[in-house]
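Take a look at the structure set out below.
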2 protein chains.
Amino acid sequence: MSTNNSIFESLLTIEDFAGFEDQARYEAEWLPKIKKYQENLKNAIPKELTVELPKPVAELIKEQFNAVDYLYSAKLLTPKEFEITDSTISQLVDKQVEGELTAVEIYNAFAHRAIIAHQFTNCAAEIFIDEGLKQAEERDAYLKEHGKIVGPLHGIPISIKEHLNYKGKVTHASFVSLIENVTPEHSGTTKILENLGAVFYIRTTQPQTLMHLDSNNNITGLTKCPFNLLLSAGGSSSGEGAISAFGGSAIGVGSDIGGSVRSPSAFSGTNALRPSTRRIAETGTTSAGAGQESVPAIFGPIGRSIDDIDYWMKSYINEGKPWLIDAWALPIPWRSVPKPDPKDLTIAVIRDDGLVRVSPPIRRGLNEVVEKLKAAGVRIVEFQPPNTKLAYETINKMYNCDGNYMQKKYLSASGEPLTRLTKWDLNFGDGSKHYNVKENRELNYIRDGLRNEYTKFLVENKIDFILSPTYNNVAPHSEEVYNWSYTTLFNILDFPTLVFQTGIFQDPNVDKWTEEDLKYEYRSDLEKLENENYKPDEFIGAPIGLQLSGRRYTDEEIVAAGKTIVDDILKVDLLKH
Amino acid sequence: MSTNNSIFESLLTIEDFAGFEDQARYEAEWLPKIKKYQENLKNAIPKELTVELPKPVAELIKEQFNAVDYLYSAKLLTPKEFEITDSTISQLVDKQVEGELTAVEIYNAFAHRAIIAHQFTNCAAEIFIDEGLKQAEERDAYLKEHGKIVGPLHGIPISIKEHLNYKGKVTHASFVSLIENVTPEHSGTTKILENLGAVFYIRTTQPQTLMHLDSNNNITGLTKCPFNLLLSAGGSSSGEGAISAFGGSAIGVGSDIGGSVRSPSAFSGTNALRPSTRRIAETGTTSAGAGQESVPAIFGPIGRSIDDIDYWMKSYINEGKPWLIDAWALPIPWRSVPKPDPKDLTIAVIRDDGLVRVSPPIRRGLNEVVEKLKAAGVRIVEFQPPNTKLAYETINKMYNCDGNYMQKKYLSASGEPLTRLTKWDLNFGDGSKHYNVKENRELNYIRDGLRNEYTKFLVENKIDFILSPTYNNVAPHSEEVYNWSYTTLFNILDFPTLVFQTGIFQDPNVDKWTEEDLKYEYRSDLEKLENENYKPDEFIGAPIGLQLSGRRYTDEEIVAAGKTIVDDILKVDLLKH
């Protein structure tokens, strides 16, 4: 581990947390509940779906074990299970309609793969295999009885980030104080997915406060990148990233307020969409963000196939009609946009956001992708994004401008210990300074100016999309994800963003800092901390995922262009091994 | 005048305004500037476009003079001018294309009618007849040269509320301290309208702070209802209501944060749409609301014909593409929705919002409309709207929760005297208590709950629209508009709302309080104040305008239903006299 404590401490000035963590109360009142929760989680794993690991997980972690490669090389699933779980959603639905597969067959295959994913990565916050089986049986019975499917997600096993409320189950959002918080209703989005025919069986992990691009919390602990178990799965949709990259669900749902759908997708090795605001229902979730609208959290699909992301968005919006459930949701239909010809595309490339230099593997990945795009005929414009410092400072202030009131309320209710990155996030912006309304409005005003500035740039220069790193590094070590600037830029702009896999992985022999790199003068302590954390030998095989962003509500165009780039130009297919 | 000072004072507790108004400074530094502004405004009126008034305005006001009737009965315009100014926009555009009318002819007719409107109602904040003429000439030249129109608003004279920035002109938003504030660029919406071919010549009045449903301010004074000059034109788009009802522009643009498009339309006697949020560009305006997004101000068209409102929205959105200028604006195309059959409509009727009882003319107007709707086959559902007190209290807190910081900043910069209703609005909610972010988020959370509650009611009961009073009274006397509850309900819900004229006018012989009315026990001081202000003989001939609202982003359906109701069922045509 490459922690540089001196820099970390200088960046992390903890104020006013005296008496905040209460170890004695926590241990007496809450630790027993956590133990019980963990016991239940363990007992919910059907023995028959588990595999024998090659070594204890702690050793695999040290060895930077690649669980995805092992899944295939050790043939942990049957050929039929591989075939099912490496299909697209529309293939799975079609095969049910044609009588070639049942929902139960599909379900059993994904349940098996999900349990193995959890064994390696610790991606599950809750498992309910029997209930999922019952739902799958109901789907089969419905199709048999009515001769038609329930909806476009009929019999599709979907994983969901835990903080979306689930009817009759505990929803804790990784706050210990909520470990017995039974939510009476499904979240709006869960309800819609259920109406469309989905099957639920696993809820996935997220970090304490939901505000890390990482996974640690006092209930479920760390979630790991399936391509290198030493590394972080990303966050805050940590479990979603890991289960998706491992193939344990057909598609999953995460939420993103600063990169929380994109970081886990990029780090763990899968694809995802952070849609424009208010296209997905946001009712019925548990978090510390109620009423915060300067920078709303957005739900988005995480899946291995961009076709699946398209299919999910289209089904969810056009048939789910979220605006009938959540008055915030916009009745903007999901448009069918054809894959563009590369020659018709103009893409602006951000190689450096002016704040934190990217590490060698990201630099190489971006270079290779840009060269392939150019070769395919895409017009590339080099883009030094303006006002990124202002954007980053502003969004960081937005997160905490309630003086961390709600976070502290939920954290102090149990006195639980603060994880390393919770201390980090509670110090975002002005830390626990509680803004007044005028100050909050000033932040909104800055945000709107930035949005108009970037929109004007794209419109006037006829630029379709922006290509950028998702983070200044590949998946870092757990609890060492400090910089959010590459993802938050698109939250403050509210630009829809697809994270896609390049098919390129970190190579310790190639992705080294050069002599010139080492002479670099850091622009900030944050940059120094982030750059010094990258050491080639500790990131072996980490996936390289990039962002493709566009103007607000061009989600459809981004997904279509994603298919051109990923399927046609890069020829990356995460369903093929 | 029916002011009941004791109740007024009990409702209006002015705190912390000591030293706020600074008469000496105001008179020494600012009054001369105001005089100069007023002189310029007067001098901008071309003598040849004015008419001789039957009596001085002060006397006409006392007589409750109906200027609209007089316009026609005294034939203040030529037949051709009447024909032009009583046409729809599409008729005017078609006639230009066909060579039957020039933009200059159209312009001259509207300019004439606008100047007369201003003589009677004091609706103008700025007049620039020569510039408008030049624009009209340019439109004619363009059509001649290119054989096609500039856009769908080619040569259409449009009035605009003053607080939308105008390139190179002063934009003061009725704050004396901004009386020399030259804005360098057009507002986004002004720019779009210009691109579509519109012609500008008049900017219209609004009250101090923009937060009265009335008109008074220290720069332009009161604006009057053209159907009864004793009464208020409404506000805050005061001048827009008056000029539209009088026919001085083909269509106008107002803004609405609590009823400011709807109150002037209802009071002055015209139609208008308060669209759903973020369909119209909101960049480039002057107000005290920068960065406030709990309840955004929305721009909307004010015009005599619902066809024109439809045409304006369609042109503005589909051809103006506001999202390319204002990143907030949503790329939701304006859909062509056919006029519905009355038999397919279900309308919920609010007769009383539980807060302030409506006056006899509103009660009668609503009754008559409901009976006609029923007779036409519309299904009517009586609707007692829930949680209206919470809704009203919450939105009032939202307005002022910056502790009136921005209002005070602009007001105190000149020390200008506060008008009666400015004192009223500065005491909305918790007055000058400055909320912190947590408290503001709580308000947002309440708002979202209300939206979902009302949306659920409409969806589950298959209700298409809500019909309601725009205000508990017809146009009241100037400076006596206290209650906003009927309009603000649809701001906090963000339900698009059409205000339409019923063709029914107050009749002092009919619209009296009954014996039973007089035994009524008031639910609040506010209700008492409002109800006691209605005295039949002081509101002669005041128009009765109602609201038709629906779920968010059903703007098109509301406008289409408005045509069914107004054109087909009520058979009201404000372009015919």
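Name the pairs: first residue in the stretch A:485-508 and more than 14 Å from chain B (Cβ to nearest Cβ) and outside any loop (DSSP other than H, G, I, E, B), second residue open to solvent by 10 Å² or more (accessible area, probe 1.4 Å) and among the small types (Gly, Ala, Ser), Cβ to Cβ under 8 Å, at least 6 apart or on different chains?
Listed pairs, sorted by first residue: A:Phe505/A:Gly541.
What are the residue pairs meeting all of these: first residue in the stretch B:439-452, first residue under 15 Å from A:Ala329 (Cα atoms), second residue of a type outside the set (Gly, Ala, Ser) and in a helix (DSSP H, G or I), Cβ atoms under 8 Å, and 6 or more apart or on different chains?
Cβ pairs passing all conditions: B:Arg447/B:Thr394; B:Arg447/B:Ile395; B:Arg447/B:Met398; B:Arg447/B:Ile492; B:Leu450/B:Leu390; B:Leu450/B:Thr394; B:Leu450/B:Ile492; B:Arg451/B:Ile492.
Per-residue answers, yes or no, for (1) buried (at least 24 other Cβ atoms within 10 Å of the Cβ); (2) farther than 21 Å from B:Ala173 by Cβ; (3) modelled with pLDDT of 95 or more:
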| residue | (1), (2), (3) |
| --- | --- |
| B:Lys389 | no, yes, yes |
| B:Ala413 | no, no, no |
| B:Asn427 | no, no, no |
| B:Lys433 | no, yes, no |
| B:Asn436 | no, yes, yes |
| B:Leu450 | no, yes, yes |
| B:Thr455 | no, yes, yes |
| B:Phe465 | yes, yes, yes |
| B:Ser468 | yes, yes, yes |
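Being open to solvent by 10 Å² or more (accessible area, probe 1.4 Å) and either in contact with a Leu (Cβ under 7 Å, 6 or more places away or on another chain) or within 23 Å of A:Arg304 (Cα to Cα) (or both): is that true of A:Gly503 here? Walk me through how you get there before you give the answer.
Values: open to solvent by 10 Å² or more (accessible area, probe 1.4 Å): yes; either in contact with a Leu (Cβ under 7 Å, 6 or more places away or on another chain) or within 23 Å of A:Arg304 (Cα to Cα) (or both): yes.
Yes.
Quick one: how many residues across the stretch A:66-122 are open to solvent by less than 20 Å² (accessible area, probe 1.4 Å), under 24 Å from A:Gln506 (Cα atoms) and part of a loop (DSSP other than H, G, I, E, B)?
0
Tally the residues that are surrounded by fewer than 24 Cβ atoms within 10 Å (Cβ to Cβ) and within 14 Å of another protein chain (Cβ to nearest Cβ), restricting the search to the stretch B:554-577.
Matching residues across the stretch B:554-577 total 3.
Considering only residues that are more than 21 Å from A:Ser249 (Cβ to Cβ), of a type outside the set (A, V, I, L, M, F, W, C) and either open to solvent by 40 Å² or more (accessible area, probe 1.4 Å) or over 24 Å from the mean Cα position of the chain (by Cα) (or both), which ones fall in the stretch A:48-65?
A:Glu52, A:Pro54, A:Lys55, A:Pro56, A:Glu59, A:Lys62, A:Glu63
Filter the stretch B:272-288 for residues that are within 13 Å of chain A (Cβ to nearest Cβ) and in contact with a Pro (Cβ under 8 Å, 6 or more places away or on another chain) and give the result.
Going through the stretch B:272-288, the residues within 13 Å of chain A (Cβ to nearest Cβ) turn out to be B:276-279, B:281-285, B:287-288.
Once the filter is applied, which keeps residues that are within 13 Å of chain A (Cβ to nearest Cβ) and in contact with a Pro (Cβ under 8 Å, 6 or more places away or on another chain), the stretch B:272-288 yields B:Ser276, B:Thr277, B:Arg278, B:Arg279, B:Ala281, B:Glu282.
Can you name the residue in the stretch B:330-346 that is in contact (Cβ under 8 Å) with a residue 60 or more places away in the chain and among the hydrophobic types (A, V, I, L, M, F, W, C) and, of all such residues, is nearest to B:Asp448 (Cα to Cα)?
Of everything passing the filter in the stretch B:330-346, B:Ile332 is nearest to B:Asp448 (Cα to Cα).
Considering only the stretch B:327-348, state which residues are within 14 Å of chain A (Cβ to nearest Cβ) and of a type outside the set (A, V, I, L, M, F, W, C).
Step one: filter the stretch B:327-348 for residues within 14 Å of chain A (Cβ to nearest Cβ), giving B:327-335, B:337.
Hits for the stretch B:327-348 are B:Pro331, B:Pro333, B:Arg335.
Residues in the stretch A:516-539: is at least one part of a strand (DSSP E or B) and either touching a Phe, Trp or Tyr at 6+ places or on another chain (Cβ under 7 Å) or surrounded by fewer than 19 Cβ atoms within 10 Å (Cβ to Cβ) (or both)?
Here is the first cut: in the stretch A:516-539, the ones part of a strand (DSSP E or B) are none.
Scanning the stretch A:516-539, I find no residue that is part of a strand (DSSP E or B) and either touching a Phe, Trp or Tyr at 6+ places or on another chain (Cβ under 7 Å) or surrounded by fewer than 19 Cβ atoms within 10 Å (Cβ to Cβ) (or both), so the answer is no.
For the condition in contact (Cβ under 8 Å) with a residue 40 or more places away in the chain, within 24 Å of A:Ala272 (Cα to Cα), in a strand (DSSP E or B) and polar (S, T, N, Q), what is the one hit in A:Ser174, A:Ser159? Spell out how you get there, then give the answer.
Working: A:Ser174 fails: in a strand (DSSP E or B).
Every option except A:Ser159 fails the conditions.
Collect the residues in the stretch B:319-352 that are outside any loop (DSSP other than H, G, I, E, B) and aromatic (Phe, Trp, Tyr), keeping them in residue-number order. Break it down into steps so the answer makes sense when it comes.
Of the residues in the stretch B:319-352, the ones outside any loop (DSSP other than H, G, I, E, B) are B:319, B:322-324, B:342-344, B:346-349.
Once the filter is applied, which keeps residues that are outside any loop (DSSP other than H, G, I, E, B) and aromatic (Phe, Trp, Tyr), the stretch B:319-352 yields only B:Trp323.
For the stretch A:520-577, name all the residues that are touching a His at 6+ places or on another chain (Cβ under 9 Å) and charged (D, E, K, R).
The first filter runs over the stretch A:520-577 and keeps only residues touching a His at 6+ places or on another chain (Cβ under 9 Å), leaving A:533, A:538-539.
Within the stretch A:520-577, A:Glu538 is the sole residue that qualifies.
Scan the stretch A:561-572 and give yes if some residue there is closer than 25 Å to A:Thr388 by Cα and among the charged types (D, E, K, R), otherwise no.
Looking through the stretch A:561-572, none of the residues is closer than 25 Å to A:Thr388 by Cα and among the charged types (D, E, K, R).
Could you tell me whether the stretch B:312-321 includes any residue that is in contact (Cβ under 8 Å) with a residue 40 or more places away in the chain and of a type in the set (A, V, I, L, M)?
yes
Would you check if there is a residue in the stretch A:373-385 being open to solvent by 40 Å² or more (accessible area, probe 1.4 Å), under 24 Å from the mean Cα position of the chain (by Cα) and touching a residue at least 24 places away in the same chain (Cβ under 8 Å)?
Kept after step one, since they are open to solvent by 40 Å² or more (accessible area, probe 1.4 Å), are these residues of the stretch A:373-385: A:374-375, A:379, A:382, A:384.
Applying the additional criterion that residues be under 24 Å from the mean Cα position of the chain (by Cα) yields none.
Looking for residues that are open to solvent by 40 Å² or more (accessible area, probe 1.4 Å), under 24 Å from the mean Cα position of the chain (by Cα) and touching a residue at least 24 places away in the same chain (Cβ under 8 Å), one finds none in the stretch A:373-385, hence no.
Name the residues in the stretch A:293-304 that are open to solvent by 10 Å² or more (accessible area, probe 1.4 Å) and away from every other protein chain (no Cβ under 14 Å), would you?
Selection gives A:Arg304 alone.
Output the helices (runs of 4 or more DSSP H) that fall wholly within the stretch B:357-459 and possess 2 or more residues being within 11 Å of another protein chain (Cβ to nearest Cβ), or say none. Show your work before the answer.
Working: elements: B:360-375, B:388-400, B:405-412, B:420-426.
Those helices (runs of 4 or more DSSP H) span B:388-400, B:405-412.
Scan the stretch A:460-484 for residues that are within 14 Å of chain B (Cβ to nearest Cβ) and assigned to a loop (DSSP other than H, G, I, E, B) and jot them down.
A:Asn461, A:Lys462, A:Ile463, A:Asp464
Residues of the stretch A:450-492 being among the β-branched types (Val, Ile, Thr) and over 16 Å from the mean Cα position of the chain (by Cα), which ones? Spell out the reasoning first.
The first filter runs over the stretch A:450-492 and keeps only residues among the β-branched types (Val, Ile, Thr), leaving A:455, A:459, A:463, A:466, A:470, A:474, A:481, A:487-488, A:492.
Listed by number, the residues that qualify are A:Thr455, A:Val459, A:Ile463, A:Ile466, A:Ile492.
The values are calculated or read from the model by the stated rules, or taken from the named source; none is laboratory data. All figures in this text were calculated on a predicted structure; none of them were measured in a lab. Backbone-built Cβ (ideal geometry, glycine too); neighbour counts: all protein chains shown. SASA here: full protein model, heavy atoms, side chains in, ligands and nucleic acids out. Shrake-Rupley method; radii C 1.70, N 1.55, O 1.52, S 1.80 Å.
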